[in-house]
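Asks: One structure follows; several queries about it will come next.
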Amino acid sequence: MIRRLALAAALLLGALPVRADDTPVPAVEWQLADATRSPRVTVVHFWAPWCPNCRTELANGGWSGFIADHPDVNFVFVTIWNPADGRDVLEKNGVGAERNFQLLLHPNGSKKKGEKVSELLGIPISWIPTTWVFRDGKLRYAMNYGELHFPMLQQLISDSSESWDR
């Protein structure tokens, strides 16, 4: 709660933190960092409404069914390389109303090489869709190239749910 209040105050006052090169850190990075600190497994999915592979994942109840079947997992979709969040595309495919779902938009909507966002949380993004699995603020798995296979994601969530203290 305190982190969220600090973020809200920073946004209102225009006092966002800056990187070493004096560029501001987008609020989406704060929100993403906060979401991935959860003790619950958090799936972060980078996508764009125009991407054919992203649309294939959404088709036939892909993401909507998977999210509904996993109410104990947090899902954060981050729209990148697009000027709008794509909520309409998600809604057409039954995604977005779930209690365990959050949609974020990266403010840099460019998909031009050299201009587009190429990393978040210090982790490179080179392709969409890209899907990361976190728990307790730690990246457990990263699938960085292309369309997702839900049985594989199921296994990664199961593995991430187990204790890694062995």
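Asks: By how many nm would the segment from Arg87 to Asn144 grow when fully extended, if each residue of separation counts as 0.36 nm and the alpha-carbon distance is taken off?
Replies: Full-extension gain reported as 18.3 nm.
Asks: Mind giving me the nanometre distance, one decimal, between the label points for Ala33 and Thr56, set 7 Å out from Cα along Cα→Cβ?
Replies: Each label point lies 7 Å from its Cα, and together they span 3.5 nm.
Asks: Read phi for every residue in segment 28-35 and hand back ³J(HN,Hα) as whole Hz from Karplus 6.51 cos²θ - 1.76 cosθ + 1.60, θ = phi - 60°, with x for Gly and Pro.
Replies: Couplings: 4, 5, 4, 5, 5, 4, 5, 5 Hz.
Asks: What FRET efficiency comes out for the pair Arg40/Glu115, r = Cβ-Cβ distance, R0 = 45 Å, nearest 0.05?
Replies: According to the calculation, E is roughly 0.85.
A short reminder: the numbers here are calculations on the coordinates, not readings from a lab. No experiment lies behind these values; they were computed from the predicted model shown. Note that each Cβ is placed from the backbone with ideal geometry, even for glycine, and that neighbours are counted across all protein chains shown.
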